[in-house]
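Participant: I have a structure here, written as structure tokens, and I will follow up with some questions on it.
The values are calculated or read from the model by the stated rules, or taken from the named source; none is laboratory data. In this text the structure is predicted, and so the values were computed from the model without any measurement. Please note: Cβ atoms are built from the backbone with ideal geometry, for glycine as well, and neighbour counts cover all protein chains shown.
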Amino acid sequence: MKLQLKRPLAFFDLETTGTNIGADRIVEISVIKLNPDGSEEVLTLRVHPGIPIPLESSLVHGIYDEHIKDEKQFHELGQQIADFIHDSDLAGYNSNKFDIPMLMEEFLRAGISFDLDNRHFVDVQNIFHQMEQRTLKAAYQFYCDRSIVNAHSAEADTRATMEVLLAQIERYENQEWEDKKGNKSTPVVGDVEALHKFTNLSRPVDFAGRMVYNEQGEELINFGKHKGKRVEDVLNVEPSYYSWMMQGDFPLYTKRKLEEIYKRWNAKKVAERQQAKPAQQAAAPANTPAAQAPKPAFQNNSPKSSPQLNNQPLKKKEEPAKPVDEDMLAQLAMKFKKG
């Protein structure tokens, strides 16, 4: 086998109630874990989604409500799945845009810890679309010269995906590929890290593609009115955009990555404010006694200081005594008159 593995590569496929990552649920998952020694481990589970399966979805994958009515829900099975693939890189067909974000949504909803950092992700569809541009059924026929038996069952599709990747490595071993900028390379090789780079050319931040990395490794908004702008620049001019996204109908993993960016941005703002304080204090001249001493709230410019400013009571100005007249005597007589 020409696929060289440094750790297990877990091929997986999901059957779901629909394609809305934020609202739909998994009804079946199948994982084939390919180990570095060439051995395989298989885990296939039916899952009760907790919501009815729409008829149009059942017609595609053949799983109806009665098939899963006695199955466990994801929060009961999620830890088993996480333990099975905890040491693995991940691979699938259209997995970067659908299966990985859908699986992460279920993990987050169930409160199960599963870290995507430092993993490689190989999307077999991306190799196929960039080299041949076909569907999984056509890919299996094209690369393996066979038809998928029991198509749209999770395990059959997962096995077909695994076999397609192995056939792709054989077929494109020395084939040159040219990107949109005219750069030429031989990208399809038996190395998971190289396949990870080739199948993640769009460089999504959150797998759902709401945010992507630019060539400098900076996160950009990838939809709506701010498409193409750096996330941090959007936060600078419209901080409320963060709250809008966190409260909106976005996948939980998208919100988690946005929260990480927001915390980093906010920490920078706090650091900038702390650095600005010493600079503002240093701007005042410190050489003169007047600059060193605090200024009074009110400054008296008159030659003589006021008693009020010296904390002394204000004395009433003395006036000369008036001579006693008849009116004064009459007032005194009225005051002391006996009743």
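Participant: Name the residues in region 141-153 that are crowded, with 18+ Cβ neighbours inside 10 Å and out of contact with any Gly (no Cβ under 9 Å at 6 or more places or on another chain), would you? Reasoning before the result, please.
Facilitator: Step one: list which residues in region 141-153 are crowded, with 18+ Cβ neighbours inside 10 Å, which gives 143, 148, 153.
Within region 141-153, Tyr143, Ile148 meet the criteria.
Participant: Now for a separate question. Select from region 154-184 the residues that are modelled with pLDDT of 90 or more and not in a helix (DSSP H, G or I) and write down the one among them that is surrounded by the fewest Cβ atoms within 10 Å (Cβ to Cβ).
Facilitator: Asn174
Participant: Restricting to strands (runs of 3 or more DSSP E) lying wholly in region 10-112: which have 1 or more residues that are buried (at least 22 other Cβ atoms within 10 Å of the Cβ)?
Facilitator: Values: elements: 26-34, 40-46, 89-92.
Here the list reads 26-34, 89-92.
Participant: If you don't mind, another one. Evaluate the following for Asn200: is it touching a strand residue (DSSP E or B) at 6+ places or on another chain (Cβ under 7 Å), within 17 Å of Leu116 (Cα to Cα) and modelled with pLDDT under 95? Break it down stepwise before answering.
Facilitator: Working: touching a strand residue (DSSP E or B) at 6+ places or on another chain (Cβ under 7 Å): yes; within 17 Å of Leu116 (Cα to Cα): yes; modelled with pLDDT under 95: yes.
The answer is yes for Asn200.
Participant: When the residues of region 243-292 are filtered to those that are small (Gly, Ala, Ser) and touching a helix residue (DSSP H, G or I) at 6+ places or on another chain (Cβ under 8 Å), which remaining residue is modelled with the highest pLDDT? Step through it out loud before you land on a result.
Facilitator: Within region 243-292, the subset small (Gly, Ala, Ser) is 243, 248, 267, 271, 276, 279, 282-284, 286, 290-291.
Retained after the next criterion (residues that are touching a helix residue (DSSP H, G or I) at 6+ places or on another chain (Cβ under 8 Å)): 284, 286.
Working: Ala284: 58, Ala286: 53.
Ranking the qualifying residues of region 243-292, first place goes to Ala284.
Participant: Spot the failing condition for Ala138; the list is (1) surrounded by 15 or more Cβ atoms within 10 Å (Cβ to Cβ); (2) assigned to a helix (DSSP H, G or I), and only one is missed.
Facilitator: (1)
Participant: Which one of these is under 22 Å from Leu252 (Cβ atoms) and in contact with a Leu (Cβ under 7 Å, 6 or more places away or on another chain): Val47, Val122? I'd like the intermediate steps shown before the answer.
Facilitator: Details: Val122 fails: under 22 Å from Leu252 (Cβ atoms).
Criteria check complete, one pass: Val47.
Participant: While we're looking at this one, here's another question. List the residue pairs whose Cβ atoms are under 7 Å apart, where the first residue sits in region 26-47 and is at positive phi and assigned by TED's automatic domain parsing to the domain that holds Asp99, the second is assigned to a loop (DSSP other than H, G, I, E, B) and loosely packed, with under 14 Cβ neighbours inside 10 Å, and the two are 6 or more positions apart or on different chains.
Facilitator: What qualifies is Gly38/Met1.
Participant: Does region 248-268 include one or more residues that are more than 18 Å from the chain's Cα centre (by Cα), exposed (fewer than 13 other Cβ atoms within 10 Å of the Cβ) and outside the structural domain of Leu165 (by TED's automatic domain parsing)? Show your work before the answer.
Facilitator: The initial filter retains those residues of region 248-268 that are more than 18 Å from the chain's Cα centre (by Cα), namely none.
Looking for residues that are more than 18 Å from the chain's Cα centre (by Cα), exposed (fewer than 13 other Cβ atoms within 10 Å of the Cβ) and outside the structural domain of Leu165 (by TED's automatic domain parsing), one finds none in region 248-268, hence no.
Participant: Tell me, yes or no, whether region 247-264 has at least one residue that is more than 23 Å from Phe121 (Cα to Cα) and in contact with a His (Cβ under 9 Å, 6 or more places away or on another chain).
Facilitator: Going through region 247-264, the residues more than 23 Å from Phe121 (Cα to Cα) turn out to be 247-249, 262-264.
Still in the list and also in contact with a His (Cβ under 9 Å, 6 or more places away or on another chain): none.
No; the residues of region 247-264 include none that is more than 23 Å from Phe121 (Cα to Cα) and in contact with a His (Cβ under 9 Å, 6 or more places away or on another chain).
Participant: How about region 210-226: which of its residues are buried (at least 16 other Cβ atoms within 10 Å of the Cβ) and assigned to a loop (DSSP other than H, G, I, E, B)? Break it down stepwise before answering.
Facilitator: Step one: filter region 210-226 for residues buried (at least 16 other Cβ atoms within 10 Å of the Cβ), giving 210-212, 219-222, 226.
Hits for region 210-226 are Arg210, Asn222.
Participant: Given the options Lys225, Lys184, Lys229, name the one that is basic (Lys, Arg) and not assigned by TED's automatic domain parsing to the domain that holds Tyr262. Don't jump to the end; show me each part of the working.
Facilitator: Details: Lys225 fails: not assigned by TED's automatic domain parsing to the domain that holds Tyr262; Lys229 fails: not assigned by TED's automatic domain parsing to the domain that holds Tyr262.
Within the list Lys225, Lys184, Lys229, the selection yields Lys184.
Participant: Something else: Show the residue pairs meeting these rules: Cβ distance below 8 Å; 6+ apart or different chains; first residue within region 97-116 and under 16 Å from Lys255 (Cβ atoms); second residue in a helix (DSSP H, G or I) and basic (Lys, Arg).
Facilitator: Leu108/Arg256
Participant: If you don't mind, there's one more thing I want to ask. Leu55 is checked against (1) touching a residue at least 24 places away in the same chain (Cβ under 8 Å); (2) over 15 Å from Ile100 (Cα atoms) and fails just one. What number does that condition carry?
Facilitator: Going through (1) touching a residue at least 24 places away in the same chain (Cβ under 8 Å); (2) over 15 Å from Ile100 (Cα atoms) one by one, Leu55 breaks only (1).
Participant: Moving to a separate point now. Scan (1) surrounded by fewer than 18 Cβ atoms within 10 Å (Cβ to Cβ); (2) assigned by TED's automatic domain parsing to the domain that holds Leu45; (3) touching a Leu at 6+ places or on another chain (Cβ under 6 Å) for the single condition Glu132 breaks and write down its number.
Facilitator: Glu132 satisfies all of (1) surrounded by fewer than 18 Cβ atoms within 10 Å (Cβ to Cβ); (2) assigned by TED's automatic domain parsing to the domain that holds Leu45; (3) touching a Leu at 6+ places or on another chain (Cβ under 6 Å) except (3).
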